[in-house]
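Contents: one structure, followed by commentary.
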Amino acid sequence: MNLAHAIACKLVHELVPKVDTHEFYSNRDSQKLPYNPWSYIVRFCDDSGKVIVDILNFLCHPTVLHAENIAVSTDLIGGIRKAYNQPLMILLGECGDVSTRFTRKESSFAEVARLSQKISEQLKNGTWQALSGDELSVQTLVFDNTYHPSEDQFLLKSQQKLQLLVQQDKNCQPLLERLTNRLKQSTQTMHLQATIVKLGELAMIFLPCEIVYALAQTLLKLK
């Protein structure tokens with residue numbers, strides 16, 4: 001099942017309102033920083049009302065296992081789909097700076113199973129409500145994004161912090177050199193394509209990049 005197949009099906013216009021799943025993940029840099037703790041599900045059914053697929057907008061970088069674990073695994077995505085126990089498509093939302101870093105008990109397959117089960121149970125606690133309207137439209141936007149590394153404020157501030165750290169700990173020197181080299185890189189222009197799928201009041205924006213919380217907030221302000 002893919003998105004094109006799903007939106008071609010007869011729709012039952014129902015939507016799970018936002019389900020709070022904050023206890024399972026947080027901002028990966030600090031638990032005090034903002035992130036989106038809500039998950040959403042859109043359900044697609046056939047003429048008889050049989051569920052064809054649920055589409056979950058999931059807002060956590062789906063990794064519980066450490067990079068040192070070289071086993072082939074679907075990690076949290078596969079775990080949630082298995083625990084959900086019916087056709088489920090998972091779309092990753094603003095999860096670029098969100099993870100289970102501060103909420104997981106350990107980095108193991110057992111922890112993947114535990115979190116998957118808990119998240120699935122939480123999702124099924126949502127109360128279904130009708131979507132208003134059944135208008136379906138698909139729009140494609142093509143745009144260029146130009147990036148100037150030397151003007152990246154995050155990199156510049158990080159460079160200042162690392163310069164101070166190097167004075168205290170010389171082991172930070174390789175990090176400073178790597179970041180400095182990145183600031184020296186030439187300007188890059190990326191040719192991107194975004195797709196916007198609208199279903200009544202619901203809008204799904206598909207971008208070819210990893211979305212962070214701040215970018216999602218900017219998109220929500222667009223009309």
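The values are calculated or read from the model by the stated rules, or taken from the named source; none is laboratory data. Predicted model only: the values in this text are computed from it and were never measured. Ideal geometry is used to build each Cβ from the backbone, glycine not excepted, and the neighbour counts take in all protein chains shown. SASA here: full protein model, heavy atoms, side chains in, ligands and nucleic acids out. Shrake-Rupley method; radii C 1.70, N 1.55, O 1.52, S 1.80 Å.
Search the range 104-131 for residues being without any contact (Cβ under 8 Å) to a residue 40 or more places away in the chain and either over 23 Å from Cys45 (Cβ atoms) or in contact with an Asp or Glu (Cβ under 8 Å, 6 or more places away or on another chain) (or both), and hand back the single one that is most open to solvent (accessible area, probe 1.4 Å). For the range 104-131, the residue satisfying everything is Lys105.
Look at (1) among the β-branched types (Val, Ile, Thr); (2) modelled with pLDDT of 75 or more; (3) within 18 Å of Phe206 (Cα to Cα) and you find that Ile7 fails only one, number (2).
Look at (1) within 16 Å of Tyr25 (Cβ to Cβ); (2) assigned to a loop (DSSP other than H, G, I, E, B) and you find that Leu76 fails only one, number (2). For Arg28, the criteria (1) under 14 Å from the mean Cα position of the chain (by Cα); (2) under 20 Å from Met89 (Cα atoms); (3) surrounded by 15 or more Cβ atoms within 10 Å (Cβ to Cβ) hold in every case but one, which is (2).
Considering every residue within the range 83-103, establish whether at least one is more than 21 Å from Ala214 (Cα to Cα), free of Cβ contacts under 8 Å to residues at least 24 places away in the same chain and either open to solvent by less than 30 Å² (accessible area, probe 1.4 Å) or in a loop (DSSP other than H, G, I, E, B) (or both). No, the conditions are met nowhere in the range 83-103.
No other residue among Leu141, Leu156, Leu165, Leu176 is open to solvent by 60 Å² or more (accessible area, probe 1.4 Å) and closer than 25 Å to Leu33 by Cα apart from Leu165. If you check Ala203, Ala216, Ala194 for being free of Cβ contacts under 8 Å to residues at least 12 places away in the same chain, open to solvent by less than 80 Å² (accessible area, probe 1.4 Å) and of a type outside the set (D, E, K, R), only one passes: Ala203.
Suppose we keep only residues that are of a type in the set (Asp, Glu) and not in a helix (DSSP H, G or I) within the range 161-215. Which one would you say is farthest from Ile55 (Cα to Cα)? Once the filter is applied, the top-ranked residue is Asp169.
Within the range 73-82, being open to solvent by less than 20 Å² (accessible area, probe 1.4 Å) and either basic (Lys, Arg) or in contact with a Cys (Cβ under 8 Å, 6 or more places away or on another chain) (or both) holds for one residue alone: Leu76. The residues of the range 38-72 that are part of a loop (DSSP other than H, G, I, E, B), within 18 Å of Cys95 (Cβ to Cβ) and either open to solvent by less than 30 Å² (accessible area, probe 1.4 Å) or out of contact with any Ser or Thr (no Cβ under 7 Å at 6 or more places or on another chain) (or both), listed by number, are Leu59, Cys60, Pro62, Val64, Leu65, Ala67.
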